[in-house]
Amino acid sequence: MAQPPLAEAGPEQVRNYLSHLLIHKHDVAPGSARSIADQWQLGRGCDFRGANMTDFIHIFGEPAGRYIYRSVTEDLYAEWRASIAGILNYGMLAVVGITVVILLVQARRSRSDTTTYRKLDHALFCAPVILVGAIRECMHAFNVIFMIIAVLSGIMTFFAFIRFIEVVSNSRDESAKQAKDK
C-alpha cells in the first residue's frame, strides 16, 4: 500500500499516488493508470483528502471514480488506524467495553438491589461511548463484530436514556415530596 499524499502535497504527488494505486490495486496497465491519474489537474493533497465520492466521479467518471474513491478511503482509513488517534480509539473501545462487562458481571453477582442498579446504571451510561466508536468503525470498514457491537450498544443506549428519565423523574418526585413535607 502506498501512503496517501500528505495535505501539503502538490498535484504531481497526488497523480503519482493515484497511478500507483491503479497499478497495484486495480491491475491497470501503467500507461492507462497514468492517463487516468492525469485527470487530477490542480488539487493538492488537502483537496484530495477532503474529496468525496461525487468529486471522484466528477473528475474520473463512472465507474473509475467510484473504484478510486473506495481504494483511497481504504488507504486513508488504514493510515488513520495506524495513527495515535486510531490506536487511542481502539484502546478506548476496549477499556470501555471491558468496564461494561465487569460492571454487568458485578451487577449479576450482587446480592443487594441498590448495588445491582448502581452497577447497571454505570454500565448503561458507558454504552453511548461504545456506540460512537463502533459506528465510526462501521462507517469505514464493514466489520460484522463492530456491527454487532453498534447494535448492542445502541440498545443499551436506549435503556440508558430510559433509566436517565427515571432517575430525573424520581429526583423531581423526591424534591416535590420534601418541599411538601416542609
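So the values come out like this:
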item	result
Helices (runs of 4 or more DSSP H) lying entirely in the stretch 1-64 (those with 3 or more residues that are modelled with pLDDT of 90 or more, farther than 21 Å from R81 by Cα and β-branched (V, I, T))	53-60
Within the stretch 70-119, considering residues that are of a type in the set (K, R) and closer than 30 Å to A51 by Cβ, the one modelled with the highest pLDDT	R70
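Quick grid of which residues meet (1) of a type in the set (A, V, I, L, M, F, W, C); (2) in contact (Cβ under 8 Å) with a residue 40 or more places away in the chain; (3) surrounded by 15 or more Cβ atoms within 10 Å (Cβ to Cβ):
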position: C46; (1), (2), (3): yes, no, no
position: I59; (1), (2), (3): yes, no, yes
position: P63; (1), (2), (3): no, no, no
position: T73; (1), (2), (3): no, yes, yes
position: G91; (1), (2), (3): no, no, no
position: A94; (1), (2), (3): yes, no, no
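The values are calculated or read from the model by the stated rules, or taken from the named source; none is laboratory data. Everything numeric here is computed off the predicted structure, so don't read it as measured data. Cβ coordinates were reconstructed from backbone atoms using ideal geometry, including for glycine residues, and neighbour counts include every protein chain displayed.
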